[in-house]
Amino acid sequence: SPRVGVLALQGDVREHAALLTRLGAQVELVRRPEELAAVNGLVIPGGESTVIDKLSRTFGMQEPIRDAIAAGLPVLGTCAGLIMLADTVVDAIEGQQSFGGLDAVVRRNAFGRQVESFEAQLDVAAFGAPPVSAAFIRGPVVESIGPRATPLAALPDGRVVAVEQGALLGLSFHPEISGETRFHERFLARVEGGHSVAAA
Ligand code: GLN
């Protein structure tokens, strides 16, 4: 079974770990470079990107994660995780950094405050029926993408909320809390397809 990590610095780590375990993956919590080196894919959870950024630098994880992304490690980022994957973050706090890798401009807190959280049904062509039920919790929006990235899902008003680029998959919402499994299955398929650091 694929051996995947969940970046466990802050955020909804347990929800991702539970879903991945249910899908048959061997899940490791990743906090240190040697733990990152031992997995063939990484999930960056939802939470607070400013905190994940700070802690990743404190723990010496920023550079190893950047290197792994550049080497082709499959990464699924949800919400704050999408922010961490974006090459450019709009409405970042002063000094905030992302790992980058995803050729996209992502705006933090694009849908307003926590109380304005909502659920939406998204048609995702790559999945077909049924639509994805997506939970937006103070999520980001993908404002624009470069030529290397592809939109996977958009809201009815056209705003992009899921984007893919090679082994990278970034979502504005939280499939791990709405019972949606198809994005994690897509991620695990990438992992099993052999996008390992060594092979890239
Ligand atoms: N607002 C958060 C951030 O900027 C993201 C919210 C979430 O992950 N649910 O990181």
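The values are calculated or read from the model by the stated rules, or taken from the named source; none is laboratory data. Predicted model, so just to flag it, every value in this text is computed and none were measured. Positions of Cβ are backbone-derived with ideal geometry, glycine not excepted, and every protein chain shown enters the neighbour counts.
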Select from the stretch 22-45 the residues that are more than 14 Å from residue 187 (Cβ to Cβ) and either assigned to a helix (DSSP H, G or I) or acidic (Asp, Glu) (or both) and list them in ascending order.
-> 28, 33, 34, 35, 36, 37
Restricting the search to the stretch 138-169, which residues are among the polar types (S, T, N, Q) and either in contact with a Lys or Arg (Cβ under 7 Å, 6 or more places away or on another chain) or without any contact (Cβ under 8 Å) to a residue 24 or more places away in the chain (or both)?
-> 150, 165
Check whether at least one residue in the stretch 26-43 is under 24 Å from residue 104 (Cβ atoms), small (Gly, Ala, Ser) and modelled with pLDDT of 95 or more, and report yes or no.
-> yes
Can you tell me which residue in the stretch 150-183 is modelled with the highest pLDDT, limited to those that are acidic (Asp, Glu) and within 22 Å of residue 23 (Cβ to Cβ)?
-> 164
What are the residue pairs meeting all of these: first residue in the stretch 1-16, first residue modelled with pLDDT of 95 or more, second residue away from the ligand (no atom under 12 Å from the Cβ) and among the basic types (Lys, Arg), Cβ atoms under 7 Å, and 6 or more apart or on different chains?
-> 8/31; 9/31
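Given the criteria crowded, with 19+ Cβ neighbours inside 10 Å, out of contact with any Leu (no Cβ under 6 Å at 6 or more places or on another chain) and either at pLDDT 95 or above or over 18 Å from residue 82 (Cα atoms) (or both), does residue 142 qualify?
yes
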Given 30, 43, which one is within 16 Å of the ligand (Cβ to nearest atom) and either among the hydrophobic types (A, V, I, L, M, F, W, C) or surrounded by fewer than 20 Cβ atoms within 10 Å (Cβ to Cβ) (or both)?
-> 43
So which pairs qualify, if the first residue must be in the stretch 74-95 and at positive phi, the second must be among the hydrophobic types (A, V, I, L, M, F, W, C) and surrounded by fewer than 24 Cβ atoms within 10 Å (Cβ to Cβ), the Cβ gap must be under 9 Å, and the two must be at least 6 apart or on different chains?
-> 79/136; 79/137; 91/110
